[in-house]
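The values are calculated or read from the model by the stated rules, or taken from the named source; none is laboratory data. All values reported here derive from a predicted model rather than from experimental measurement. Note: ideal-geometry Cβ built from the backbone for every residue, glycine included; neighbour counts use all protein chains shown. All accessible areas refer to the heavy atoms of the entire protein, side chains included, with ligands and DNA or RNA removed. Shrake-Rupley method; radii C 1.70, N 1.55, O 1.52, S 1.80 Å.
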Amino acid sequence: MSKPRKQIHLAAHFPGVNNTTVWSDPQAGSHIEFGSFAHFARTAERAKFDFLFLAEGLRLREQGGRIYDLDVVGRPDTFTVLAALAAVTERIGLTGTINSTFNEPYEVARQFASLDHLSAGRSAWNVVTSWDAFTGENFRRGGFLPQQERYSRAREFLATARELFDSWRGDEILADRATGAFLRDARAGSFVHQGRHFDIHGQFNVPRSPQGRPVIFQAGDSEEGREFAAADADAIFSRYNTFEEGRAFYRDVKGRLPKYGRSPDQLLVLPAATFVLGDTDAEAAELAREVRRQQVSGATAIKHLEFVWNRDLSAYDPDGPLPDVDPDPGEHTVARGRAQVRMYRDPLTTAREWRELAAANKWSIRDLVIETGNRQSFVGSPATVAKVIDDFVQADAADGFILVPHVTPGGLDDFADSVVPLLQERGVFRAEYEGATLRDHLGLAHPDAATAAERAAS
Ligand SMILES: Cc1cc2nc3c(=O)[nH]c(=O)nc-3n(C[C@H](O)[C@H](O)[C@H](O)COP(=O)(O)O)c2cc1C
């Protein structure tokens, strides 16, 4: 008998603070008005997506001491947006990225447990450790932590939050009008946590939420990040969205599960992916080229190069050759608060490879950034894109994708109307929501109260 086809998971990433977003497109709307969030969430829900996803950026990024004005500036608070969306949607999951470096477990656990109640079991937390000390300057805790310490704090943070979620079993509320007893157990929500990073005790004041615990995502890509995900997360948000890289990443992280006593279906791998659709593959390819040129203006190309070079390259012509001078390998001072800075961990090698590529292909700086940067993951007619997504998932390059359109808020509309029906016809994507909670959509077990109580007691 042949293997049953895997069901695809799809999510919608609200576009924003990066130059994937083409804010100059005539169709583009506000990135901060509620109407944009509501439109986006409703489209994703109409298409029966698993969840909506918000990334987190806690400081306006800078380059060369000036705010990076090609960003689409403005990123309102995650919980406020997700709580508002909970009121205008019914089934779609609501995933928020919240860092474990600058917050406290008690407040974050309250926020996610509250969101889980308000949304009737649709909340998820993408735990990140955050990029850099520059971001940390916004906070009382200020001083950033070294990588190891950030992950040590993240693990204890999540473990503590779990203790808080599990501090209620779910059967404590009696509300007996005859006797006047509200609680069956006056110790409901009691917790004591003593550890290296947190030493807290008290009674948690949000009763057990519909999912028991929100779904946990993880996004860091280092060795420590991958181990953290294998030990503790329900899903990974990754950036490996090409076939070969996706398969390698998938094998890697799923291969780490047995040592934590977990099976492959307990950790979903969901890369970020972009797309461009057209009536034909040729039309989509042409459109994709236009979108890339809009995303990478000459000024953006120079700024992108500066992430790697860590030097002021503003005197270079974006339509000219790459700089002869090597990157400055010292502490990164040119671009602050940007993810890409961390992606190029070996700038000298990257610069050498890029020069070779540019020379071989006769590329200018701008061409190189267009060709090597975030190219659209899926380009083609709806039929082509549906097939490629299905092929990737069936070949274990991913369990699904977190889609990032380049236009806000309408960039998902075409995908919802044209690709989703084809995936449904293929029998690999739901035609209706089957369950009520995000755990149901993702096929994840519900942590039951008994397990939680045992865990709390151990
Ligand atoms: C695909 C992906 C998405 C991420 N999204 C965010 C984000 O929205 N906000 C944030 O502060 N960090 C984000 N991060 C980075 C995390 O903060 C991550 O923990 C950080 O890179 C340090 O961990 P690492 O060295 O394991 O990658 C993301 C990382 C990846 C790989």
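Points worth noting:
- Environment charge at G121 (Cβ cut-off 12 Å; Lys +1, Arg +1, Asp -1, Glu -1): +2
- Neighbours of G400 by Cβ distance under 11 Å: Lys/Arg scored +1, Asp/Glu scored -1, total -2.
- Nearby lysines by direct alpha-carbon distance to K6 (threshold 20 angstrom, same-chain neighbours under 8 apart not counted): K48, K254, K387
- The chain - accessible surface per residue (Å², probe 1.4 Å): 44 Å²
- Reciprocal mean inverse distance between Cα atoms of region 71-211 - Kirkwood radius, Å: 16.8 Å
- Distances between every pair of Cα atoms in the chain, grouped in 10 Å steps from 0 to the bin holding the largest one, split as 4, 19, 30, 27, 14, 5, 1, 0, 0 percent.
- Computed per residue of the chain from DSSP H runs no shorter than four, each worth -39500 (n - 2.57), the mean residue ellipticity at 222 nm is -11500 deg cm²/dmol.
- Sequence ranges 161-172, 307-318, 116-127, ranked by mean other-Cβ count within 10 angstrom, highest first: 116-127, 161-172, 307-318
- The chain - share of DSSP beta bridges that are antiparallel (%, nearest 5): 25 percent
- Residue (of G373, W363, G298) at the positive-pole extreme of region 246-396, dipole from beta-carbon charges: G373
- Model label points for D25 and N361, set 7 angstrom from Cα along the Cα-to-Cβ axis, are 2.3 nm apart.
- Contour minus Cα-Cα distance for E371 and A285 (0.36 nm per residue): 29.6 nm
- For region 177-242, a simple Cβ point-charge model (Lys and Arg +1, Asp and Glu -1, everything else neutral) yields a dipole of about 540 debye relative to the Cα centre.
- For region 200-359, the Cβ-based charge dipole about the Cα centre amounts to some 860 debye (Lys, Arg positive; Asp, Glu negative; other atoms uncharged).
- Of all accessible heavy-atom area on the chain, the percent that carbon and sulfur account for (1.4 Å): 51 percent
- Solvent-accessible surface (1.4 angstrom probe) belonging to V192, in square angstrom, nearest 10: 110 Å²
- Each of the peptides 363-370, 254-261, 55-62 was scored by the mean count of other Cβ atoms within 10 Å over its residues; in descending order, highest first, they stand as 363-370, 55-62, 254-261.
- Nearby aspartates and glutamates by direct alpha-carbon distance to K362 (threshold 19 angstrom, same-chain neighbours under 8 apart not counted): D317, D319, D324, E353, E371
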